[in-house]
Structures are given as structure tokens and as C-alpha cells.
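These notes are about the structure you will find just below.
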Amino acid sequence: GLDGLFLVVITCKDNPCHINATCLNTIGSHTCTCKRGFAANGSQCNDIDECSAGDTCHSRATCTNFIGDFLCSCQEGFEGDGFSCLDVDECSLSNTTCPSFSTCINSPGAYVCSCLNGTVAFNDTCVLPSPLCEPEFQNGGCHPDANCTNTPGSFSCVCPLGMEGNGFDCQDVNECEKNSTLPHSCSTQALCLNTNGSYLCQCHDGYQGDGFDCDDVDECQVATACSRNMTCSNIPGFYTCSCMLGVVYNEGTCVSEATCLNASKNCHADAKCHPYQGSFYCQCAVGFEGNGTDCWDVDECDQSQDEVCPAFSYCFNTNGSYTCSCWEGFQTNDTHCQNIDECVTGNFTCPDNSTCTDLEGSYTCTCDPGFSGSRSLCLDINECSLGLIQCPNFSNCINTIGSSLEPKLLTYLHYMISIMNRKQQNTKYTCPTLHYADSLGLSDKTYH
């Protein structure tokens, strides 16, 4: 019954298993078993990554996977077989682990050398720090805005952020400039304002935020953004108010853009086309009032009751404007009218024997003492004929220009004349003494 039937038996010598598997012949067959470090069904064997388990090695060891195997190695500062790792106390290994003037402090897997007595680490040793950054050394000569740092035996000067230089000379970097070495981070919808060592960001009108981030403000959400009978339309950073053609608003009469282009024919002669918030208006020029299609002059002098001009001036209305003219006796200094002192400038006319006295906006002429008259003429006052001088008995009053001889002086002069007459007649006389002058009250005067 087996005639013509062939039985094929595959044995291990035919290498039926995976290269990383072990073949075992069995009765009429064979088995394939993956080697250690591999896993699958024998005909296909894949490497097992023992390191992926996480706890294969010690927590202070490094796991390295190989094809069919793995390796545990203790980390630096530890010793062991990788499955057990102990800290190495470097401080106990040698007295020279750390330099002089320092103490060794062990830590898991490492150690530190702490310098003592105020010294600092420098080139694997401990040295005294440099004092040059102290105030008594003028901050090492660093720029006032620079950071001075003491280093062993020296110091360093470093310009702060926002400035550039070698530390001894620091200059502000203008972050707001185009192609700046330190470009700013302001929003594209913000204005960059440079400051000393820094900068500020300010959102443009129509945007809000901190300057680094700016969001559009929807002005149309505010009911008063546009006037009545207008349509508000928000656009990024702005908004428009569309007026109704022919309606008169505060800005003037609403017209189309085409009408605005030909304003000389459509607006009043004393008006101009004024674009505002996306609409166009015929608006009277400054100095005129009206709706833009009809304009008339504003009398500024009448409306302000002359308060538009400075004190001591006249206001003259003109077509569309006004002028100010200082009163006579005043002159302008471009802001107000100030008094002209004619007595100082010499621009006055006073008669002889008078004195010029300045007044606000004018001047007056006052006759000198001993004279009387008007602004045009000052005449001598004859005190003797008017009886203004009471001369003593046996004396005469003699008038002089602007004055008269004093009575006592006149008596003394008469006495001296009588003496001179006696001398001419070869008559003996006695020279007057100062006692007589004293009796007349003339001892404090000198006469010739």
C-alpha cells in the first residue's frame, strides 16, 4: 500500500533553523530553539533588548545592548560589576585630590573641592580674588553701565544686554534701527522706542496690547464712534464712517469722492473738500462758518469781544481772519503790546526848563521848579512880584531865572557892598568876621 509514496525527512544537517537558533533532531523530525538573548519560534529569532527593561542593571550603571547579549557598566565615580555599584570616595583615596587651601567634599559619584579662607578656584588651585571691582578702585575702570567681575588676579568688564563695547566703553544699541545688531521684538503693528540699554514697544493707534502682541481694536463696538446717520465699518487698525450724501454734519456737507475731486465747482469758494474717516465733506475754511456749500466770514473781533488780541491793541476783522494793531505809545514784541518809554528813546517833545515823565502809552512834560506853564511852554516864576518870598526889613527881593536870592544872602551882600564903598572913599572900616555870617546863618555856605 506504500508503493509509489516517498517520505521526505528533514534533519538538522540541512540547517532548517534560524542562524541564531539551535537545531535538535527528533524521531522523524527536528526542533528549533532560539539561543539565549533571542526570542521567537526558532525559524525566526530576534534579539532581545535587555536594556529596555529598565532595571536590568544597577541604578548607578549604564546598560549597553548587544546582539544576543548586554553589558552593565558602573558609572564614573562608582565601582562594581554593573549589577551592584558602590560609590568611590575620592576624598579618602589621596590627600592631594584637592589643592592646598581647600577641603574635599565627597558626593555620590563625584566630589568637589571647596576653597577656604576667602580664596577662589583658579587653574586647579585656590588663590585670593582680585579686589579691583570694589568701589575704592573705581569699579576697575569699567563703564558705569558695565558689569565688573573679579577673577583670580584680575577682573573683567562686560557691557550689559542692550549695549555693546569692550566693557570699558559701552554704547547703547538702537534696537529700533533697521539691521540693528540686536533687533527688537516689537509687533509689526507697534512703534519701537529706543531707550538707554533697552527699548519700548507701543501699539499703533487702532491696536491694543503690550507692544509685542497687538490686536485690532473694533471701534465700531462703541456706539459713539460715528455720528448719527452714519455707517461704521471696522478695518484693521482703523475704521470708517460712511455719511449720507447731502446731509450736513459737524465736518460739513457730505459729498461723494468724485464731487470732492472737483471741489472748486461743488463746494463754496471759501470752502474746501475735507476727507474724514472714509467720507468726504465740503467744509468751510478757517475763519469762515457755514455748511460748506454756503460760507460766510467769522468776525473774530466781535465774537471774542476783542479778547483775541493782546491788551493795549485794536482788533480789525478781515475776510477770513483778523489783525491786531498796538495802540499809539505801545509796540509789539510778537506776543503782546508793551509800553514805549519815549523819555528813554528820545521820541518826545518838551519845552525848555521842563522834565519828561513816561506814562503808560504816552508821556508828560512837567515844568522844572521855579517855572510854570503848559506842555508847550515853561516860563520863569517871579517869586518876588508874586510875594512868594518874604524878605527882611531893609532888604530887596531880587528875582532870578527859576529862583530868587535868599533874604539872608541878600542882606550879607548889601553889607559887603557898603564895605567896598568905604574902601573906595579911603574910609576906615572893620573887615566883617565870620561871626556876622554866622548870625545870618551862612556859615555852611561859600559865596564868591
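The values are calculated or read from the model by the stated rules, or taken from the named source; none is laboratory data. Fair warning: this is a prediction, and the values are worked out from it, not measured in the lab. Here Cβ is always computed from backbone atoms with ideal geometry, including for glycine, and neighbour counts include all displayed protein chains.
Just a few scattered comments:
- Residue match in segment 181-190 (condition: at pLDDT 95 or above, part of a strand (DSSP E or B) and either aliphatic (A, V, I, L, M) or surrounded by 16 or more Cβ atoms within 10 Å (Cβ to Cβ) (or both)): yes
- In segment 277-292, the residues that are surrounded by 14 or more Cβ atoms within 10 Å (Cβ to Cβ) and either at pLDDT below 90 or not in a strand (DSSP E or B) (or both): Q277, G278, A285, G287, N291, G292
- S313 vs. criteria polar (S, T, N, Q), under 41 Å from the mean Cα position of the chain (by Cα) and within 30 Å of K272 (Cβ to Cβ): no
- Only listed residue being over 60 Å from the mean Cα position of the chain (by Cα), more than 30 Å from T151 (Cα to Cα) and surrounded by 15 or more Cβ atoms within 10 Å (Cβ to Cβ), chosen from G54, G28, G82: G82
- Picking from residues in segment 279-333 that are assigned by TED's automatic domain parsing to the domain that holds A258 and polar (S, T, N, Q), the one that is nearest to T345 (Cα to Cα) is Q283.
- V286 meets the conditions (1) within 30 Å of F238 (Cβ to Cβ); (2) touching a residue at least 24 places away in the same chain (Cβ under 8 Å); (3) touching a strand residue (DSSP E or B) at 6+ places or on another chain (Cβ under 7 Å) in every case but one. The failed one is (3).
- Every condition in (1) in contact with an Asp or Glu (Cβ under 7 Å, 6 or more places away or on another chain); (2) of a type in the set (S, T, Y); (3) without any contact (Cβ under 8 Å) to a residue 12 or more places away in the chain is met by T97 except one, and the failing one is (3).
- For segment 193-202, filtering for residues that are in a strand (DSSP E or B) and over 13 Å from the mean Cα position of the chain (by Cα) leaves 2.
- Answer from S130, S94 - the residue that is more than 58 Å from the chain's Cα centre (by Cα) and either at positive phi or at pLDDT below 85 (or both): S94
- 2 or more residues within 30 Å of T22 (Cβ to Cβ) and not small (G, A, S): qualifying strands (runs of 3 or more DSSP E) within segment 40-156: 45-47, 61-66, 69-74
- Residue selected from segment 293-310 under the condition under 30 Å from Q331 (Cβ atoms) and polar (S, T, N, Q), by the criterion modelled with the highest pLDDT: Q303
- Annotation note: of P432, P407, the sole residue that is at pLDDT below 70, surrounded by 11 or more Cβ atoms within 10 Å (Cβ to Cβ), out of contact with any Ser or Thr (no Cβ under 9 Å at 6 or more places or on another chain) and not aliphatic (A, V, I, L, M) is P432.
- For S304, the test of being touching a residue at least 12 places away in the same chain (Cβ under 8 Å) and among the small types (G, A, S) is failed.
- Total residues in segment 321-335, condition modelled with pLDDT under 90 and either at positive phi or not polar (S, T, N, Q) (or both): 1
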